[in-house]
Amino acid sequence: MNTSAIKVLRRPVESAMFTSAGVSLATVAGVPLGVMLSELVDWRMVFAIAGALMVVLAVVLRFALPSVPADRTFAFFAVFAPLVIAVSVMSMILFSGSIVGVGIVVLVWGFFFSSWLIVANTWVGHRMPDRLEAGGSLVVVGFQGAITLAAGIGGLLVDTLNVELVYVIGSIALLAGAVLFGASNRVSSRA
């Protein structure tokens with residue numbers, strides 16, 4: 001690995017985003033790979049193989065990755081990530097007829113969406129440093145609640161209005177979230 005790549009990996013935000021890309025990859029490729037392997041061996045063996053590989057990977061990553069100190073950059077990304085996601089969502093309307101365009105939009109959206117969990121956890125960690133478990137639980141409940149509400153309300157809006165309007169409403173919600181996160185960061189930096 002060259003020195004410029006090592007410098008990139010040492011920057012906290014980029015390291016965290018790079019690491020969280022594995023979650024997105026696992027989400028997309030994990031199930032198909034698991035099904036394929038279960039055709040070759042028993043499903044219990046697939047779980048055993050996956051477990052053993054995760055232990056090996058955890059040990060390798062523990063010694064291979066540098067220590068990453070906390071940084072106040074996650075404040076910038078708390079505003080920037082939802083803005084990029086909002087633009088990506090609106091771009092779906094513009095590029096809906098282009099497979100390449102949609103592919104690029106999904107790639108950008110996925111990259112910033114996968115970073116969002118890190119941004120949210122860091123934001124909560126700065127506000128509740130002595131109650132990280134409770135803060136992490138709030139993040140999980142918030143994400144699950146948001147997914148449930150968005151699926152229900154989005155489905156209702158698609159049925160009564162149209163898909164494009166749902167994209168616009170989603171983008172407006174993302175912009176409102178960016179403003180709220182930006183305002184919360186300004187208030188916390190003054191305190």
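The values are calculated or read from the model by the stated rules, or taken from the named source; none is laboratory data. Keep in mind it's a predicted model, so treat the numbers as computed, not measured. Neighbour counts are summed over all protein chains in view; Cβ atoms, including those assigned to glycine, are modelled from backbone coordinates with ideal geometry. Only protein heavy atoms, including side chains, enter the accessible area calculation; ligands, DNA and RNA are left aside. Shrake-Rupley method; radii C 1.70, N 1.55, O 1.52, S 1.80 Å.
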Residue among 48, 58 that is at pLDDT 80 or above, out of contact with any helix residue (DSSP H, G or I) (no Cβ under 9 Å at 6 or more places or on another chain), open to solvent by less than 70 Å² (accessible area, probe 1.4 Å) and in a helix (DSSP H, G or I): 48
For region 97-124, the count of residues that are loosely packed, with under 14 Cβ neighbours inside 10 Å and hydroxyl-bearing (Ser, Thr, Tyr) equals 1
Determine if region 125-140 includes at least one residue that is part of a helix (DSSP H, G or I), open to solvent by less than 80 Å² (accessible area, probe 1.4 Å), under 23 Å from residue 25 (Cα atoms) and hydroxyl-bearing (Ser, Thr, Tyr). no
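Working only within region 89-124, note down all residues that are assigned to a helix (DSSP H, G or I) and among the aromatic types (Phe, Trp, Tyr).
109, 111, 112, 113, 116, 123
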Given the conditions (1) closer than 30 Å to residue 184 by Cα; (2) in contact with a Leu (Cβ under 8 Å, 6 or more places away or on another chain); (3) loosely packed, with under 11 Cβ neighbours inside 10 Å, every one holds for residue 66 apart from (1)
